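Input: a single structure, listed below in structure tokens.
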């Protein structure tokens with residue numbers, strides 16, 4: 001039940017999950033919820049330091065996913081960039097996920113935060129899955145660039161962008177990053 005609640009409300013911590021369980025008739029001690037969440041490798045997703053750099057010259061689109069229930073594949077996709085620590089520095093990872101299935105549709109690695117690796121990931125996802133109805137991103141310069149947004153518009157995709165600093169608007173891809181970075185702590189780099 002904890003995982004079910006966490007999947008539905010990934011921003012909830014142990015207190016709120018315990019309260020949600022109590023509403024459903026499952027009275028458990030919060031310490032037990034904390035231990036089980038730790039054992040399952042899950043925790044509340046909360047804001048991290050901002051790494052998104054906006055370009056004021058680029059157009060920003062409104063957030064279209066507020067109060068919309070995503071009920072089928074390709075209804076809404078999300079994209080984001082994170083960094084992967086390496087032995088000598090880090091790499092940038094961009095991923096596109098389907099909001100309904102939470103499946104990673106495409107991803108690319110780069111040693112720079114340029115737009116080209118984001119466009120490569122987008123083109124790959126469009127090629128293999130066709131265009132979504134809505135494409136959601138943050139307001140990072142890679143995603144607001146004319147080159148990137150034009151690819152979406154050429155395919156008839158409605159563009160949606162999170163509010164500034166609104167990590168919860170793109171919570172499913174934030175959960176992917178959390179799983180990626182903290183789910184396999186025992187894996188060591190090959191170098």
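Bear in mind these aren't lab numbers, they're just calculated from the coordinates by the rules spelled out. All figures in this text were calculated on a predicted structure; none of them were measured in a lab. So basically every Cβ, Gly included, is an ideal-geometry build from the backbone, and we count neighbours across all protein chains shown.
Things to note:
- Segment residue 101..residue 63, full-extension length gain: 11.6 nm, with 0.36 nm per residue of separation and the alpha-carbon distance subtracted.
- Segments 25-35, 126-136, 106-116 sorted - mean Cβ within 10 Å per residue, highest first: 126-136, 106-116, 25-35
- Potential extension, residue 109-residue 71 segment - 0.36 nm per residue separation minus Cα distance: 10.7 nm
- Largest-first ellipsoid semi-axes for segment 76-182, taking √(5λ) over the Cα gyration tensor eigenvalues, angstrom: 21, 16, 14
- Taking a point 7 Å out from the Cα of residue 116 in the direction of its Cβ, the residues of segment 136-152 whose backbone N falls within less than 19 Å of it are 141-151.
- Bridge type composition, segment 76-182 - antiparallel percent by DSSP, nearest 5: 70 percent
- Extension gain, residue 128-residue 150: 0.36 nm per intervening residue step, less the Cα-Cα distance, totals 6.0 nm.
- 67, 162, 3 arranged by Cβ crowding within 10 Å, fewest neighbours leading: 67, 3, 162
- Rounded to the nearest 0.05, the FRET efficiency derived from the C-beta distance between residue 158 and residue 22 at R0 = 30 Å is 0.15.
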